[in-house]
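What follows is a single structure, written as structure tokens, with notes after it.
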Amino acid sequence: MEREGRRPVSFRGRVRYRFDRTLARSTGTLMGWLVVSCLAVVVPVSALLVWTDPGSPRSLPGRLTAVWRTSAQTLRLGDVTGTPLRMVLAAVLGLVALLCVSTLVGVITTGLEKRLTELSRGRSTVLEHGHAVVLGWSDQVFTVVAELVAAQASPRPRAVVVLADRDKTEMERALAAHVGAAGRGRIVCRSGPASDPAVLALVSPRTARTVLVLPSDEAAGDAEVLRVLLALRTVLGEEEGGPPVLAAVRDDRFRAPARLAAGPRGTVLESDTVTARLIAQCAGRPGLSLVLRDLLDFAGDEFHLADATAFQGRPFGAALLGHATSCVVGLLTAEGRTLLNPCPRTVVEPGSRLIVVTRDEASAGAQDCRHLVDPSARATATAPTGDASRLLLLGWNRRAPLVIGQLRDTARAGSVLDVLTEGVVPGAEGAVPGTDVVVPAPARESEPCASDDGRLKVRHRSSALSRPESLLGLDLAPYDAVLVLGPDPGTGPDRPDDWTLVTLLGLRLLEQRTGHSVRVVTELTDDRNRALAPLDPGSDVIVSGELTGLLMAQIAQSPHLAAVFGELFSAEGSGISLRPAGHYVREGATATFATVVAAARDRGECAIGYRRRDRWASSPDHGVRLNPHKGERREWGAEDQVVVVATESVRPDSNVGRPHDGTARLTPNSRTAQIT
């Protein structure tokens, strides 16, 4: 009697269950069923063909013989007729032949499958010459690969090879989604740990044009960079003439070991320090991120070296008006020293080369532009000196102490920085690395703390920034700029940019309620979120991974310009600034860009472009125009800005008050550059 609620099993289900159990017993059972199935189909169909054929034999033995021949030919068992013994022997030979052929096909199929699997895993050797090798996987890889593809596609396309311990297919899909079509360039992916010399040899680093090592997003990313550099030294050997090596680390403690492991042709960047310095510089130089992004990518104008023969023995100032389609910003001496924005009276010595901002080296020809200068349009007023600033820092991550240290190095006496963080920041109490600034840590929620070194007063208070009422209760009127830093990846359930976007929305709502707008400098981790950021055109957005990627791509293409970028991103020396156009030409005057260059030269600066105020919001480039033709004539408005390379003033107590020779980060006797 069946149990109550139990469904009866159908006859078909029982037969199928027993059939499945029979097939699962062994391979021999499976083969037996295949033979039975084949015979059950082939023999009846063969008999039907014979009995319906008008030309078939009339006798039963003849028809059975025809059925045998048809079945044997179908099953490839031979068609020998005669005695039963001969037919059995023929069948045995056919079965042996079928077994041999099947085995051979299986071996070939297995070999091809293994080879295809090996290729899909990315374990084949790359036979390229003059290619770029990217080792590691991080958020910078998309920018680095895209820029290298753009730079290496002309005049002859070269491959960009990526080696990372990830699935090859996943890497190819991710790069295709972020980088897009490679154009004339080629992207080759290989899978495996780059710290393994045997795997590293697959990408042929000996014949590469340049090698880039990226830190992973994990906590041990810098340590992995050291292992990759040591493996690279093992593969390349100690002999001279290997490819230039460019590596990036996040922690300052790994900088010196990485430089040692990279060798004499290596360049080491501190990505966190570079990002922190740009954030701090944007706080006092609105629009700087837009200019640097345009300068660092390969889509427009960037830094190049030009011939200086026409200016040998003449002052550097003469070269500023000696090119119609290029902007001169410095000198590379015959000894290898980099002079960025030197004194206009500096004599151009034989063997020197000009550092210019231009589209390509072919467009950097000399052309006298002095006749384009209109002295009557030049401004006569003296630029006012800068005042103390008051800044607000919202949020905290591992780069926050570095940002505070950079702000301290460039702050004028009496400046104030208010730090507002989500709760108590663990480990915030202590000196900022490389400085004597102390970041105070409140003992409990909302308890304010402060420290003052005479130049920058830092006041720290914790608050629930994730609550809208906390942001809406802020008074932004006293602040010159607001800096927004998202949390580090992995410190919360959400992505870092989610917190940043919510904070920016709160600031925008606060501006709408109070009617007071404030300039915002914010950091994002994903460039795709730039378009989502609710910011006004006067604000700056720094994408940390994109910035480091662009910088690495530029240095990879032009290693001799490493010192130029090192000084541009440093707290002292020459840097890029956007200054009111009224400092150079009369407001409302119509003048050529050559007039602006001449006025900037007399101020000890190198003008490289401008930013139109009326196109901040309407133009994709936000009004930034780099390297315009010297003969370009336009009306200069009161709110227009001029982009210049200028030497910032140095504090009296600073230890960098030495003559500006550009050698602070690139020694003449070594090609190892340090960008910190």
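Please treat every number below as a calculation from the coordinates, not as lab data. Note that the structure is a prediction, hence the values are computed from the model and not measured. Positions of Cβ are generated from backbone atoms using ideal geometry, with glycine treated the same way; all protein chains shown enter the neighbour counts.
Of the options 188, 215, 257, report the single residue whose Cα projects farthest towards the positive end of the charge dipole of the stretch 132-263 (beta-carbon charges: Lys, Arg +1; Asp, Glu -1).
188
Any idea how far the Cα center of the stretch 357-418 sits from the one of the stretch 48-66, in Å?
101 Å
For an R0 of 35 angstrom, estimate the FRET efficiency from the Cβ-Cβ distance between residue 387 and residue 345 and round to the nearest 0.05. Present the calculation step by step, with values, prior to reporting the outcome.
Values: r = 31 Å, r/R0 = 0.88.
So the FRET efficiency works out to roughly 0.70.
At what distance in nm do the modelled label points of residue 412 and residue 63 sit from each other, each positioned 7 Å from its Cα along Cα→Cβ?
It works out to 11.4 nm between the two label points.
What is the Rg over Rh value, at two decimals, for the stretch 132-263, using alpha-carbon atoms and the Kirkwood definition of Rh?
Numbers: Rg = 14.1 Å, Rh = 14.9 Å.
Taking Rh as the inverse mean 1/r over Cα pairs, Rg/Rh reads 0.95.
Report the net charge of residues surrounding residue 615, where surrounding means a beta-carbon distance below 13 angstrom and charges are Lys +1, Arg +1, Asp -1, Glu -1. The partial results should precede the final answer.
Working: positive: 611, 612, 613, 625, 634; negative: 614, 621, 639, 640.
Neighbour charge sum, excluding residue 615 itself: +1.
With a point put 7 Å past each Cα toward its Cβ, work out how far residue 108 is from residue 380 in nm, to one decimal.
It works out to 9.3 nm between the two label points.
So for the stretch 132-263, averaging the separation of alpha carbon pairs under 8 Å that are six or more residues apart and normalising by length, what relative contact order in percent results? Walk me through the numbers before you get to the answer.
On the way: 228 pairs, mean separation 34.8, N = 132.
Rounded, it is 26 percent for the stretch 132-263.
Could you order peptides 62-70, 586-594, 600-608 by the average number of other Cβ atoms within 10 Å of their residues, highest first? The partial results should precede the final answer.
Details: 62-70: 17.3, 586-594: 19.1, 600-608: 21.1.
In decreasing order of mean packing, 62-70, 586-594, 600-608 become 600-608, 586-594, 62-70.
Under a crude label model (7 Å from the Cα following the beta-carbon direction), how far is residue 48 from residue 361 in nanometres?
In this crude label model, residue 48 to residue 361 measures out at 7.8 nm.
Roughly speaking, what is the centre-to-centre gap between the stretch 121-148 and the stretch 261-310 when only Cα atoms are used, to the nearest Å?
22 Å
Distance from the Cα centre of the stretch 550-621 to that of the stretch 494-521, in angstrom?
Cα centroid to Cα centroid, the span is 29 Å.
Around residue 599, under 14 Å between beta carbons, what's the net of Lys plus Arg minus Asp minus Glu among the other residues? Before the final figure, lay out the partial values.
Numbers: positive: 370, 378, 579, 586, 601, 603, 630; negative: 374, 587, 602, 605, 640.
It works out to a net charge of +2.
What FRET efficiency comes out for residue 505 versus residue 335 if R0 is 51 angstrom and r is the Cβ-Cβ distance? Round to the nearest 0.05. Let's see the in-between values first.
Working: r = 53 Å, r/R0 = 1.05.
FRET efficiency, residue 505 to residue 335: 0.45.
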